[in-house]
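Below you'll find the structure, written out as structure tokens, and then a few comments.
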2 protein chains.
Amino acid sequence: MLSPLCYPVRMEGNSILVLDETKLPFAETYIEVKNLEEALKVLREMKTRAFGQVLLFFYTCILTREIDKTARAFKRARPTFDFFRLAEMIKEVSQQIPNIKEMVKTIITVFEQKRKKRAQKLAQILPHEASILTICNLNGELLYLYEALAQIGKTAVFYVSETRPYLQGTRLTFWELDQASIPAKLICDNQAAILMQQRVVNCVIAGSDRSNKKGDIINKIGTYSLARLAYYFHIPFYVLVQYPKEIEIETIQIEERPQEEVFMWLGEVFHPTAIYPAFDITPSAFISGWIDISGKIRCV
Amino acid sequence: MLSPLCYPVRMEGNSILVLDETKLPFAETYIEVKNLEEALKVLREMKTRAFGQVLLFFYTCILTREIDKTARAFKRARPTFDFFRLAEMIKEVSQQIPNIKEMVKTIITVFEQKRKKRAQKLAQILPHEASILTICNLNGELLYLYEALAQIGKTAVFYVSETRPYLQGTRLTFWELDQASIPAKLICDNQAAILMQQRVVNCVIAGSDRSNKKGDIINKIGTYSLARLAYYFHIPFYVLVQYPKEIEIETIQIEERPQEEVFMWLGEVFHPTAIYPAFDITPSAFISGWIDISGKIRCV
């Protein structure tokens, strides 16, 4: 395992152990989850996100044995992510593998293989000396990518956008790259334009919580801004997508997080008055290439 | 005085008292400055900036009585700002008012009148229900603007971009608006694009540390990104400018701040590897209007 973030959630006996991402990089601690309510609590408090959500959902289904109910509850806790698709996936696989533990283990193993393969595909289309701007956290996939680039003789340096207000870029991405001694520089989100203007970065890589067949994506707040800027600076913007579906992306509810979170570090100085949409929508027009979980690449 | 930030630096006897902006909003404290070295220290540590720098420069000239030497030293401490222009201004006025204390008092009084007048001019061209995105801090000028808007029956709400990493937006602008009970919402810098896309904001107002006659400006890092996004969303982007000069703006040295500052809140977890250009350049093509210190407005 390259980084604890590659597998932020695991199962031990009848408990789920969830890496508390909000404590990183200060401490690597795990929260024990024993039932649906506890799972929803860590989800709402953003103790885990992205691939961690996927794993948490699978394992919670093992605990509850109620796939649809779990999916509905997860969706209420974090509306932007497509837990119904994960529920469908379990049901599909359960036709071949009736034991739910075995089945989830299989799904996760396949996922890992696919993520590594996707990194290899992406490595092929990146520039020789890749100077990669990224946002939020891709759960170890940048580490796979760095390895894949090295295997074909390409170098890389990452410019990690800190991703306010939760600082997933700093706390998770910069941390995992730093731990793995991979060249990385931290930047503030508002520096992206100047780095593009000066050609310090030559590509952008982002994840996506949701995507549709047209190529529109939903990802962490700030992604849209990066995509729009990259487009005008003619810098390729690649996204890792999971399950492109026939959906109107505008109809998906964008999660509004508590405004207190924007004021997090300020204590009780202000009565918080803020806006905090946790995600934004990037229309396909501003994306250069999509790499789905099967490793298929579509470029404009 | 509407806010301590309208006059962040003042003189008492043979001392200069500098509002320690880095302590805001937690405490309103003043640092005593008695000579050039102490002035340079508060300047380098960004205890004051923007209009505070102007005041600090004037008062330090009173202490040192050496205008050119002071200008050179200030310029070394913070290279992006045009202290030489301020030195020229003192020399011009000193022909009419030989007493340096009287002269500086006159310059500052004239400045205040001009800033208020500029706010009135700007109020005239803003929309009726102004929904204003802003960055960094304009030293009380948004408070003048809010008053000026109210006088002609216009309402306003401010969306304050927090301005990482020093958070001047949060700590100074949001604070001064909050203190004055002016409607304001805090946002993270990476939310600007979605607010523009959704038409939550209908104009952007920024300051400028430097500007040239062509209309290019240098301002706090993140300004360029806002301007570029505003341009593509057809949202007017207005800048307050001081002394447009015949300069090639690209030749001005952009101050690189210590990379530790990007990691400020993270303690000693990482060996800091960051980039921190404190300013960026916004070409005139992305600016809708310039309002100079005489109140003259130029719009495209």
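Per-residue mean of foreign Cβ neighbours for B:192-200 is 5 (Cβ atoms of other chains, 10 Å radius). Counted over chain B, the DSSP beta bridges are approximately 45% antiparallel.
Across the copies of the chain, residue A:14 has label points (7 Å from Cα along Cα→Cβ) spaced 8.1 nm apart, shortest distance listed first.
Given the convex hull over the Cα atoms of chain B, what projected area results after averaging over all orientations, in nm²?
The orientation-averaged projected area of the Cα hull of chain B comes to 15.5 nm².
Label points for residue A:151 are taken 7 Å from Cα along Cα→Cβ. From this copy to the others they lie 6.9 nm apart, shortest first. Rounded to the nearest whole Hz, the Karplus-based 3J(HN,Hα) values (6.51 cos²θ - 1.76 cosθ + 1.60, θ = phi - 60°) of the range A:287-300 follow the sequence 10, 8, x, 10, 10, 8, 5, 7, x, 6, 10, 10, 10, 7, with x at glycine and proline. Peptide A:178-185 has a mean shielding of 2, counted as Cβ atoms of other protein chains within 10 Å of each residue's Cβ.
Estimated from helical segments only, the mean residue ellipticity of chain B at 222 nm is -10500 deg cm²/dmol, where each DSSP H run of four or more residues counts as -39500 (n - 2.57). Separation of the range B:30-61 and the range A:108-129, taken as the distance between their Cα centroids, equals 53 angstrom. Among the listed pairs B:75/B:220; B:105/B:296; A:117/A:154; A:75/A:220; B:41/B:75; B:105/B:213, those whose Cα-Cα separation exceeds 21 Å are B:105/B:296; B:105/B:213. The residues B:211, A:294, B:161, when put in order of fewest to most other Cβ atoms within 10 Å, stand as A:294, B:211, B:161. Where both residues lie in the protein assembly as shown, what percent of DSSP beta bridges are antiparallel, nearest 5? Percent antiparallel among DSSP bridges in the protein assembly as shown is about 45. Distance from the axis that maps chain A onto chain B is least for the Cβ of the chain A residue given, with the whole Å value, as A:189, 2. The calculated FRET efficiency for the pair residue B:116 and residue A:253, based on their C-beta separation and a Förster distance of 41 Å, comes to about 0.35. Membrane-span-like helices in chain A, defined here as complete DSSP H runs extending at least 24 Å along the helix axis by their C-alpha atoms with mean Kyte-Doolittle hydropathy no lower than -1.0, are A:100-125; this is a sequence and geometry rule, not a statement about a membrane. Summary for residue B:110: label point 7 Å along Cα→Cβ; distances to the equivalent points in the other copies, ascending, 7.7 nm.
No lab work stands behind these numbers, since they all come straight from the coordinates. Predicted model only: the values in this text are computed from it and were never measured. We place every Cβ from the backbone using ideal geometry, glycine too, and count neighbours over all the protein chains shown.
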